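Student: Mind having a look at this structure? Questions to follow.
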Amino acid sequence: MELNYDPSEVRTSKVRVASAAASGVVFGFISDDTSAGQPEAVAIAPAMARMNNLRIGELIDVSYVPNFPEHAHRVPWRAVAVYRDEQREAAKPAAPPRQTLEQQVQDLVMGGEVWNRPEVYVDLYNERFDSSTASEVQRTRYDAVGAALQRLHDTSILACAKVYAPGKKHATAVYYAKSTHVLGRALMGLDVTDQEGEA
């Protein structure tokens with residue numbers, strides 16, 4: 001496509017949209033113009049204005065060149081491109097999504113070791129949980145870790161073993177692992193290797 005301007009003359013500045021003519025031409029003023037007096041005007045063609053859904057009062061980035069000679073005495077510049085903030089954001093590579101707490105817990109336990117809730121909490125938050133001195137935030141985090149472990153067990157992703165003291169109705173310890181094989185061997189004090197499968 002043949003350009004109707006000299007690329008070496010292109011400038012880019014912030015432009016404040018000021019008005020729209022009945023013809024569809026939109027006019028803006030160069031907002032970072034440091035010259036004395038009124039900022040200079042830029043004309044934006046109707047098709048370009050419609051495509052970018054320009055609104056009066058908004059600030060946009062515009063690449064512009066000297067206007068055609070027959071219009072330059074009234075409006076010295078004409079736009080050759082408009083850039084919206086959202087267009088720039090869309091062009092950026094997307095950031096990787098943040099892992100949920102449940103995903104973090106699953107990744108830890110699936111690493112092959114046996115974990116209990118206090119160990120998972122320490123690994124995630126780099127602090128020990130002490131129920132006698134814990135803040136509300138720490139208690140909330142600790143409860144969330146427990147809930148995540150339980151959900152992962154309930155959905156058959158993690159194996160779970162509960163240890164009861166004689167005569168007690170509630171478990172004194174609860175352990176999680178990636179499989180019953182890993183869990184069983186660890187609780188028996190045996191080493192577990194990645195090569196070993198389910199018994």
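No value in this document is a laboratory result; all are computed from the given coordinates. On a predicted model such as this, the values are computed, not experimentally measured, just so you know. For neighbour counting, all protein chains shown are included, and Cβ atoms are generated from backbone atoms with ideal geometry for every residue, glycine included.
Student: Taking 0.36 nm per residue of separation and subtracting the Cα-Cα distance, what length does fully extending ARG11 through ILE56 add?
Tutor: 14.0 nm
Student: Using 0.36 nm per residue, how much length does the chain from GLU136 to TYR83 gain when fully extended, once their Cα-Cα distance is taken away?
Tutor: 14.4 nm
Student: Between ALA72 and ALA171, what length in nm is gained on full extension when 0.36 nm per residue of separation is reduced by their alpha carbon distance? Don't skip to the answer; put the middle values down first.
Tutor: Working: separation 99, 0.36 × 99 = 35.64 nm, distance 8.42 nm.
Going from the current span to full extension adds 27.2 nm.
Student: Near PHE129, within a Cβ-to-Cβ distance under 11 Å, what is the net charge of the other residues, with Lys and Arg +1 and Asp and Glu -1?
Tutor: Spelling it out: positives minus negatives among the neighbours equals 0.
Student: Under a Cβ-Cβ cut-off of 14 Å, what is the net charge of the residues other than TYR5 that fall near it, where Lys and Arg count +1 and Asp and Glu count -1? Let's see the in-between values first.
Tutor: Details: positive: ARG11, ARG78; negative: GLU2, ASP6, GLU9.
Net charge in that neighbourhood comes out at -1.
Student: Which order do peptides 9-15, 127-133 fall in by mean Cβ count within 10 Å, highest first?
Tutor: 9-15, 127-133
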